[in-house]
Every structure is written in structure tokens, then in C-alpha cells.
Amino acid sequence: MFQSLKWQSTTYQPLLSEQVLEMPIADGISESETPLSNISLSEHLKKNTSRITKSSVSSSSDQQNTENNCERECSIQVEHVEQLELPHKLVLLLHNVLLKDECQLMIELSEKMGYEDADSYCFAYNDRFNDRLMVDDQNLTDLIWNRMKDHLPQVIAGMKLKGLNSRWRLCKYKPGHYFGVHTDGSYQDRKTNSVSCLTFMIYLNSQLEGAYKGGATIFFDRKRGEKARIVQPSGTAIVFLQEDMDMLHCGQKVESGVKYILRTDVMYSIVHSTNN
């Protein structure tokens, strides 16, 4: 779908783990980190499928209803894609990646698992106040990947699209919580010879729906001038480059209510493709 995105420019080279860049990098993961929980979010979604999707085909068989629901769940596709042009880069908004009921179920499940203060993680970044939960879930990764894979750039800086990182981070912002100006850190997976180039973040609830006040995602230019303020309905995903000074952004302070997001990384093969 996107064959000529600006972020395919050869001037962009994602950092590998041994490289150092003098910019406020945060919100990544390290190879030494382990998930706080191995509870399968996708299994809970399947068990609660009647809350998420309702089959349009009536049947006296519970098994048939379940199969219809599962087919409906797998057939959900991104409804609309927006391209936000910033001065030097592009941001994608993918709508309907998760249904509203799915978002609410994610919030409920994450609260049962429990959050920890983000300060407990190893990134030396002191302008972040929120809680975080990490979950490894390949089935959830596959479910979401099938819904949105056609809307991502197939090549970035000569590297081919590989998939989503299966390590999901759920973040919770209570009143007074915020995430200062930063760029998102890139992650290298040596086992699969891939590196993350894009952040993929889903808003699980929204100030548009009265869940909280404040908490917008704000993008800045290199002089910290505001360029875009993102406020989207629940279920919308935002996609943007990692470790790029043109992608400076922050999570605005939450004034009231609680904000929840679900995020991971879009991975690309380090082996360069022959076609750019």
C-alpha cells in the first residue's frame, strides 16, 4: 500500500544496540528484561469472545456460535488510515485496530495482572511518571498483525518488514503522570536478526470518550516547538519512527481519570533487500 513513504529515505538508519546517540531516548526494552507476566491476553480475549463480537448467524449450537465469533474476530480489519505530515516525517493513524470492547477487556485484564512503576526498568530517563506492565503474547501479536500488516511500509532504509515484537507493554497514566519529551528507543533482536524501526501504539481509552483529561500525544520539532497534538478514539493505533530527532514527542500530563495504552514495535530484517 505504501511504497513511497518518506521514512523509506536512505538517510534514516535505525540504531543498533552498540550505537549511542545523544538524544533523550526512552520507552524501549533491553535484552535483559523479562515480562512481568506470562498470562495470555489473547486467550482471555477468546474466552470472552461473546463480549467482543456477536455473530450475525443464529444457531442452537454453542460451538457453532463460538466458531462464528472467532471468524468475525479474525475478519476485523483497519477501517481507515490517516497520514499526518510533519515537517520532515510522516505519522500513521490506523483506526479500528481494536474494537472498543476489546480495549476495555485489555484494561480489565491488565489491572488483574498488576502494574509496576516504570522507574523499575533500566532506562536512564528521569522525566517519566507512569506505570507499566510487560506481557509476551505471540497469539495476540498474530491477531493484531493480521489486522494491520497491509498498512505498514514494506521497506525502511533497505530493510524488509518482518512483523511485530511479541513483547507488549501496557502503560497506565494516573492523574499527574506524564512522559517527557523523548524519542522511542529501538530494539535489536539478535535471534531473528531484526531491528525495530517503528513504534506501534494503541490507545485503549480516550479523552474523547471521557476516560481522562489531558494526556495527548504531542510531537515537536527539533527546537521543541509543538507540531502536532494527537487525540484519538480508543482502538486507534499510531505508528511513527524510532530514534529519530524529527520524532520528538511527549505524553501530556493526565489531569484527571486514567489513560491506558498498549504498545510494541514494528520489526524489520537487518539483511538489506535488493529493492529500496
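The values are calculated or read from the model by the stated rules, or taken from the named source; none is laboratory data. Quick caveat, the model's predicted, so the values are computed rather than measured. When we count neighbours, we look across all protein chains shown, and the Cβ atoms used for this are built from the backbone with ideal geometry, even at glycine.
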Per the filter on segment 110-120, residues touching a strand residue (DSSP E or B) at 6+ places or on another chain (Cβ under 9 Å) and either part of a helix (DSSP H, G or I) or of a type in the set (S, T, N, Q) (or both) are S110, E111, M113, A118, D119, S120
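Being touching a residue at least 12 places away in the same chain (Cβ under 8 Å), in contact with a Cys (Cβ under 7 Å, 6 or more places away or on another chain), farther than 20 Å from Y115 by Cβ and among the hydrophobic types (A, V, I, L, M, F, W, C) narrows it down to one residue among V239, V195, V231, V266; which is it?
V266
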The one condition N126 fails out of (1) at pLDDT below 90; (2) under 14 Å from the mean Cα position of the chain (by Cα) is (2)
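For the structure I just gave you, tell me whether P175 is in the same structural domain as V135 (by TED's automatic domain parsing) and either within 16 Å of the chain's Cα centre (by Cα) or among the aromatic types (F, W, Y) (or both).
The answer is no for P175.
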For segment 220-258, the count of residues that are among the small types (G, A, S) and either farther than 20 Å from H151 by Cβ or surrounded by fewer than 20 Cβ atoms within 10 Å (Cβ to Cβ) (or both) equals 5
* Mind checking whether some residue in segment 130-139 is touching a strand residue (DSSP E or B) at 6+ places or on another chain (Cβ under 9 Å), at pLDDT below 90 and under 22 Å from V266 (Cβ atoms)? -> no
